[in-house]
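A.B. asks: There's a structure below that I have some questions on.
No value in this document is a laboratory result; all are computed from the given coordinates. As the structure is a prediction and not an experimental result, all values here were calculated from the model. Note that we place each Cβ from the backbone using ideal geometry, even for glycine, and neighbour counts take in every protein chain shown.
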Amino acid sequence: MFWFRRFREDRAFREAQRAGYELLLRLQAARPWPDCPEPTSQAPAAGEAVVPDFLPPELRVPSRQDVAGVMMRWLQPLVVDGEVRTCPECGAYRDWIVFCLSDDSIWLRCRASHETQEPGLDAAWFNRHSGPVDRFHPTLEEGLRYLGH
């Protein structure tokens, strides 16, 4: 019994939706409405300067295409596919700097400045685990110094 009542209620709801949609289409076809005048665009006055609608260059944040990459600090051991990643040169397994470059490749840098590419990670992983960008650095060295390396 319950299912039949539910089916009838759903059917009535769908029919009411269809009727409302048809009414909306008829109202839109009858435009312009008699009580509502057409909007007019206002041209700037003769002495008025046109100001652009976006921020000045000194207040704009660089877009993802404008930067060579982003980096974050990863203090705990990095586990990828069930394995703890270690530096192939010195054996370090924690306190990484993780880079996501503009080609969406992920690179790891250990405390001893050894760098290795990590094919098991991608840009989606980086975006899930990194926080918001809080600072932009003109050089890699300044970014590393800011992150404590």
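A.B. asks: Take region 119-149 and flag every residue that is touching a residue at least 60 places away in the same chain (Cβ under 8 Å) and of a type in the set (G, A, S).
C.D. replies: Hits for region 119-149 are S130, G143, G148.
A.B. asks: Also: Filter region 107-149 for residues that are β-branched (V, I, T) and part of a loop (DSSP other than H, G, I, E, B); which is surrounded by the fewest Cβ atoms within 10 Å (Cβ to Cβ)? Please lay out each step first, then the result.
C.D. replies: Just the residues of region 107-149 that are β-branched (V, I, T), to begin with: 116, 133, 139.
Keeping just the survivors that are part of a loop (DSSP other than H, G, I, E, B) gives 133, 139.
Numbers: V133: 13, T139: 8.
Only one residue tops the list, namely T139.
A.B. asks: While we're looking at this one, here's another question. Can you tell me which residue within region 66-82, out of those that are surrounded by 11 or more Cβ atoms within 10 Å (Cβ to Cβ) and part of a loop (DSSP other than H, G, I, E, B), is farthest from the chain's Cα centre (by Cα)?
C.D. replies: P77
A.B. asks: Sticking with this one: Can you pull out the residues in region 83-106 that are of a type in the set (D, E, K, R) and part of a strand (DSSP E or B)?
C.D. replies: Narrowing region 83-106 to residues of a type in the set (D, E, K, R): 83, 85, 89, 94-95, 103-104.
Correct list: E83 only.
A.B. asks: Based on what the data block shows, is C100 among the hydrophobic types (A, V, I, L, M, F, W, C) and in contact with a strand residue (DSSP E or B) (Cβ under 6 Å, 6 or more places away or on another chain)? Show your work before the answer.
C.D. replies: Values: among the hydrophobic types (A, V, I, L, M, F, W, C): yes; in contact with a strand residue (DSSP E or B) (Cβ under 6 Å, 6 or more places away or on another chain): yes.
Yes, satisfied.
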